[in-house]
Amino acid sequence: MSTDSYTALVNQPLGRTLAKALGLPQPVTLRRHAPGAPLVEGSVLVIGGGPAADRVAEQLLDWGQDVRRHPAAQDRYGAIVAAFDDVGTPADLSSTALQLGSVQRQLGPSGRVVTLFKDPAGTPDPAVRAARKGVEGLTRSLAHEMRQGATANGIVLGEDVPPGAPGAIGALRFLLSARSAFVSGQFIPVSSADGAAPRDWDRPLAGRIAVVTGAARGIGAAIAGILHRDGATIVGVDVPAAGEGLADVVNALSGSALQLDITAPDAGERILAHCRERHGRLDIVVHNAGITRDRKLANMDAAQWDSVIAVNIESQLAMNRAFLAATGDGVVAPGLRIASLASTSGIAGNAGQTNYAASKAAVIGMVSATAPLMTGGGTINAVAPGFIETEMTARMPFLTREVARRMNSLSQGGRPVDVAEAVSFLVSDAAGGTSGATLRVCGQGIMGA
Ligand code: NAD
């Protein structure tokens with residue numbers, strides 16, 4: 001992995017002074033999750049007038065947090081939760097928004113702002129929808145104003161989803177925690193009251209069997225590591241040519257390896273057979289394997305175009321068909337959870353990546369259309385990473401890389417672990433109310449924002 005030496009430099013006293021004097025970006029080292037570490041460092045301020053504020057405060061107390069309901073000038077906050085669930089017209093935003101502004105400077109490093117509001121699409125009333133959409137604009141802009149590794153994100157509640165629904169509580173915990181270090185300016189839709197709080201928040205995937213494709217290196221290896229840390233048994237899948245790397249990854253996690261090209265027509269059946277023989281079941285699938293064959297469209301040949309489509313999306317469609325057909329057969333557990341890797345290129349487009357962006361936009365379409373087909377409370381979601389520090393991005397020319405990694409609100413690239421944390425959250429029961437969605441892990445990248 002390439003090291004971000006600029007971030008290291010500006011976190012030294014001399015470098016910090018220089019960066020400040022020259023008006024250069026000042027990325028900070030982000031707080032990241034470690035099992036047993038406090039959920040939030042410092043107290044949590046909960047503001048807003050609707051029923052969600054009371055429910056959130058109650059939940060935070062239950063988690064042992066130091067909760068404040070009224071701002072005080074001397075307080076330093078680790079997080080601020082602003083509930084806007086009762087807004088009926090844009091004028092209603094004022095009191096909570098301004099209260100939020102009055103305490104913005106009291107938020108500590110890697111602090112969190114989480115807004116909570118109801119789905120704008122859930123109402124036909126123009127004033128109510130306007131007010132709810134207003135919270136989106138406020139949250140996105142506030143994310144751009146955050147400093148010192150702090151983030152702002154929102155939770156969007158479906159019309160009939162109460163603020164205490166397991167999915168709302170799960171999203172709240174994820175966004176408050178250091179697991180969401182590189183997620184900013186984003187919204188987690190909680191569209192159903194499904195899901196459940198894990199027995200142990202540090203091991204939410206205990207007892208689950210999780211298939212991770214492309215697990216031999218990069219983001220896939222990080223996903224395997226984080227799902228294992230969170231309690232899952234890992235089945236790592238990768239091409240035979242990557243067999244050595246795959247064995248290293250899964251052996252270190254006491255998992256099992258399956259050498260397989262996921263474009264094989266029987267890839268889904270072979271994964272099912274492996275899970276049946278070695279583990280007796282399958283609970284989680286992470287479609288991570290992906291390739292790039294970058295060229296301007298005018299220079300693209302059929303092999304470059306077709307291989308990217310075949311690996312990045314056609315394989316996933318075919319494997320999902322096999323998994324869905326097998327659901328409830330005794331191997332695929334009811335309530336199967338699928339997470340799929342998209343990319344911000346699939347949202348914003350990127351010169352030289354027509355094939356890749358087509359495949360990643362296709363992933364976003366695929367998860368939204370597959371969500372209603374999931375049975376037994378199963379879910380399917382996508383994660384769209386932005387600039388992540390991997391072997392792939394380390395190979396970019398120096399200047400392109402330096403510019404690309406600063407083009408987000410946190411002024412740095414994310415780490416594979418940041419993508420892995422988002423995947424682990426989405427495949428857990430705590431995200432059971434969210435399906436068909438795409439969560440960006442991009443530090444609020446400017447691309448497609
Ligand atoms: P990587 O190239 O380092 O790893 C991809 C893995 O997938 C490799 O181990 C490779 O052998 C495996 N793979 C490729 N084709 C396969 C096939 N046909 N069958 C089985 N395995 C196969 O890539 P990465 O950077 O770790 O990216 C992982 C995922 O994240 C990809 O889907 C990628 O598009 C996506 N992504 C990455 C970034 C980034 O900044 N690195 C950004 C956005 C999205």
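Brief remarks follow.
- All of (1) open to solvent by 20 Å² or more (accessible area, probe 1.4 Å); (2) more than 30 Å from Met146 (Cβ to Cβ) hold for Leu399 with one exception: (2).
- Verdict on Ala318 being under 26 Å from Ser180 (Cβ atoms) and within 16 Å of the ligand (Cβ to nearest atom): no
- Evaluation of Phe182 against the conditions (1) in a helix (DSSP H, G or I); (2) within 16 Å of the ligand (Cβ to nearest atom); (3) of a type outside the set (A, V, I, L, M); (4) not assigned by TED's automatic domain parsing to the domain that holds Ser428 shows that the sole unmet condition is (1).
- Matching helices (runs of 4 or more DSSP H) fully within segment 293-355 where at least 2 residues are surrounded by fewer than 18 Cβ atoms within 10 Å (Cβ to Cβ) and hydrophobic (A, V, I, L, M, F, W, C): 302-309, 315-326
- Across segment 226-249, the qualifying residues are those that are assigned to a strand (DSSP E or B) and either touching a residue at least 60 places away in the same chain (Cβ under 8 Å) or away from the ligand (no atom under 11 Å from the Cβ) (or both), and the one among them that is most open to solvent (accessible area, probe 1.4 Å) is Thr233.
Yes or no, residue by residue, for (1) part of a strand (DSSP E or B); (2) more than 10 Å from the ligand (Cβ to nearest atom); (3) surrounded by fewer than 24 Cβ atoms within 10 Å (Cβ to Cβ); (4) modelled with pLDDT under 95:
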residue: Ile380; (1), (2), (3), (4): yes, yes, no, no
residue: Ala384; (1), (2), (3), (4): yes, no, no, no
residue: Val417; (1), (2), (3), (4): no, yes, yes, no
residue: Ser424; (1), (2), (3), (4): no, yes, no, no
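- The set of residues in segment 321-355 being farther than 18 Å from Ile271 by Cβ, without any contact (Cβ under 8 Å) to a residue 60 or more places away in the chain and either out of contact with any strand residue (DSSP E or B) (no Cβ under 9 Å at 6 or more places or on another chain) or within 11 Å of the ligand (Cβ to nearest atom) (or both) consists of Ser343, Gly346, Ala351.
- Within segment 426-445, the set of residues being within 15 Å of the ligand (Cβ to nearest atom) and of a type in the set (D, E, K, R) comprises just one member, Arg440.
- Filtered by the rule that a residue be closer than 30 Å to Thr29 by Cβ and of a type in the set (Ser, Thr, Tyr), segment 75-119 gives Tyr77, Ser102, Ser110, Thr115.
- Flag for Val311 being of a type in the set (A, V, I, L, M) and within 16 Å of the ligand (Cβ to nearest atom): yes
- Single residue of Gly214, Gly195 found to be on the phi > 0 side of the Ramachandran plot, at pLDDT 95 or above and not hydroxyl-bearing (Ser, Thr, Tyr): Gly214
- Condition check for Leu45: without any contact (Cβ under 8 Å) to a residue 24 or more places away in the chain and under 27 Å from the mean Cα position of the chain (by Cα): no
- When segment 260-269 is filtered for residues that are crowded, with 19+ Cβ neighbours inside 10 Å and either among the polar types (S, T, N, Q) or more than 10 Å from the ligand (Cβ to nearest atom) (or both), only Gly268 remains.
- Residue match in segment 359-372 (condition: away from the ligand (no atom under 15 Å from the Cβ), modelled with pLDDT under 95, out of contact with any Pro (no Cβ under 7 Å at 6 or more places or on another chain) and open to solvent by 10 Å² or more (accessible area, probe 1.4 Å)): no
- Filtered by the rule that a residue be aliphatic (A, V, I, L, M) and touching a Lys or Arg at 6+ places or on another chain (Cβ under 7 Å), segment 276-327 gives Ile284, Val308.
- Scanning segment 79-121 for residues that are open to solvent by 10 Å² or more (accessible area, probe 1.4 Å) and in a strand (DSSP E or B) gives Leu107, Gly108, Pro109, Ser110, Lys118.
- Filter result for the condition that a residue is within 9 Å of the ligand (Cβ to nearest atom) and either in contact (Cβ under 8 Å) with a residue 24 or more places away in the chain or not in a helix (DSSP H, G or I) (or both), over Ala197, Ala210, Ala257, Ala222: Ala222
The values are calculated or read from the model by the stated rules, or taken from the named source; none is laboratory data. Bear in mind the structure is a predicted one, so any value in this text is a computation, not a measurement. Every residue, glycine as well, gets a Cβ built from its backbone with ideal geometry; the counts of neighbours run over all protein chains shown. Surface accessibility is based on the protein's heavy atoms, side chains included, excluding ligands, DNA and RNA. Shrake-Rupley method; radii C 1.70, N 1.55, O 1.52, S 1.80 Å.
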